[in-house]
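The values are calculated or read from the model by the stated rules, or taken from the named source; none is laboratory data. The structure presented is a predicted model; accordingly, all values stated were derived computationally and were not measured. Using ideal geometry, Cβ is built from the backbone for each residue, glycine included, and neighbour counts are taken over all protein chains shown. For accessibility, only protein heavy atoms count, side chains too; no ligands or nucleic acids. Shrake-Rupley method; radii C 1.70, N 1.55, O 1.52, S 1.80 Å.
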Amino acid sequence: MSAAKPNQIESFYQEAEAKHLIPLWKVTAKLLPPEPQTKVLPYLWKWSDLRRMAYRAGDLVPIERGGERRVLAFVNPGLEGKYAATHTLWGAVQIVLPGEIAPCHRHSASAIRFIIEGSRSFTNVDGDKCVMSRGDLVLTPNWSWHDHGNESDQAMIWMDGLDLPLVNDLDGIFFEPYPQHKHPVTQVNGSEQKYGGAHLKPTWENPPATRSPLLNYKWEPTYDALKRIGEGPASPFDDVCFEYLNPNTGGPTLPTMSCCVQLIRPGVHTQAHRQVNSAVYHVFEGRGHAVINGQRFDWERGDFFVVPPWAWHEFANESKEEVILFSVQDTPVMQALGLYREEAYTENGGRQQVSGSFGG
Ligand code: 1HN
């Protein structure tokens, strides 16, 4: 190698730039950090704001074709210009007023609903009218037709979780409105009748592995499962935590999103760990706090918070009441690509030093 003169190397870089080339050696450190350098920030949205603003949106805007849904979505402050709770996950609250029907459509992003407030509303998924009440988890797998209606005399509010930011980044988004406002109903709670038996599945059907044949995971059996553990041992990081399963495969609810429900028993303060996936949490019951990368997040019933990829996190319930958290996680994506990792926090007895608190 002959010694390059500074002006030669500079003109080499200029030519590379002009020809749309990048010499790797200039950017290696940026491209290959020793661990993920996420832009996603931990953040907390208060139920008092979300509920008030959802009702306000109910007063101000109708549900119409084009707008499609009355949805207030979380915008992660670390992700400028991106409408996303984390880099991969969309999180939001949606309100449907008595008598309203949100028009039928389908898209290549998959969605979940977790019902927060109200009853006797439904999501019609490909003709199966899934009747929903508080605590139910309802899936709309990708490309399934879905409309929502509220047949009660009270507003209905639920959490929406979608893989939309990921699907958009993959340039895989397709959308289609249904020719009519509503999809015809061909069965009522059909998936639940056949697949809601948890440990049983019908022998006369052979559903595809990519799509859960169960669309509505009812709250009662979910809560029963959480309570069956009693005082028994559970996860050191999440306490009593269950993943909702596709009953056909034993895998996650959707190819891109795993849903979890967890009971943090009174007095429990978990150990910290970090995982390469990101998550959006909803506080279904109780009050408590999380410590995320050394920052304390106090939350109460209805609040939402985000745990970024590879962020240390632990949970605490210092009250005498149950804490129940519901979460959507992008874990299946990382697992499918062979990228999943997790690590336990070993210093300081497994708990982080708290250096500040959110909003404080
Ligand atoms: C959607 O179709 C729904 O069907 C909710 O209720 C939220 C966010 C982005 C794109 C589509 C729904 C959505 C969405």
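Using beta carbons and a limit of 6 Å, which pairs, at least six apart or on different chains, have the first residue in the range 155-167 and closer than 22 Å to Pro98 by Cα and within 10 Å of the ligand (Cβ to nearest atom) and the second one charged (D, E, K, R) and modelled with pLDDT of 95 or more?
Hits for this filter: Trp158/Arg113.
Conditions first: (1) in a loop (DSSP other than H, G, I, E, B); (2) within 12 Å of the ligand (Cβ to nearest atom); (3) closer than 30 Å to Asn293 by Cα. Gly91 passes all but one, so which condition is the exception?
Every listed condition holds for Gly91 apart from (1).
May I ask you to verify whether Cys130 is crowded, with 23+ Cβ neighbours inside 10 Å and touching a residue at least 24 places away in the same chain (Cβ under 8 Å)?
It is true that Cys130 is crowded, with 23+ Cβ neighbours inside 10 Å and touching a residue at least 24 places away in the same chain (Cβ under 8 Å).
Which one is least open to solvent (accessible area, probe 1.4 Å), of the residues in the range 169-204 that are at pLDDT 95 or above and on the phi > 0 side of the Ramachandran plot?
Top of the filtered list is Asn189.
To keep it simple, each residue is scored yes or no on (1) of a type in the set (A, V, I, L, M); (2) open to solvent by less than 20 Å² (accessible area, probe 1.4 Å); (3) modelled with pLDDT under 95; (4) away from the ligand (no atom under 16 Å from the Cβ).
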{"position": "Gly58", "(1), (2), (3), (4)": "no, yes, no, no"}
{"position": "Ala73", "(1), (2), (3), (4)": "yes, no, no, no"}
{"position": "Glu100", "(1), (2), (3), (4)": "no, no, no, no"}
{"position": "Ile112", "(1), (2), (3), (4)": "yes, yes, no, no"}
{"position": "Ile116", "(1), (2), (3), (4)": "yes, yes, no, no"}
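Taking the options Asn248, Asn293, name whichever one is at positive phi and open to solvent by 30 Å² or more (accessible area, probe 1.4 Å).
Asn293
Looking at (1) open to solvent by less than 40 Å² (accessible area, probe 1.4 Å); (2) closer than 30 Å to Asp49 by Cα, find the lone condition where Ser212 falls short.
(2)
Do you know which residues across the range 118-136 are part of a strand (DSSP E or B), closer than 24 Å to Pro252 by Cα and within 14 Å of the ligand (Cβ to nearest atom)?
Answer for the range 118-136, where residues must be part of a strand (DSSP E or B), closer than 24 Å to Pro252 by Cα and within 14 Å of the ligand (Cβ to nearest atom): Phe122, Thr123, Asn124, Val125, Cys130, Met132.
Can you run down the residue pairs with Cβ atoms below 7 Å, 6 or more apart or on separate chains, where the first is in the range 308-331 and within 19 Å of Glu35 (Cβ to Cβ) and open to solvent by 10 Å² or more (accessible area, probe 1.4 Å) and the partner is in a loop (DSSP other than H, G, I, E, B) and charged (D, E, K, R)?
Trp310/Glu35
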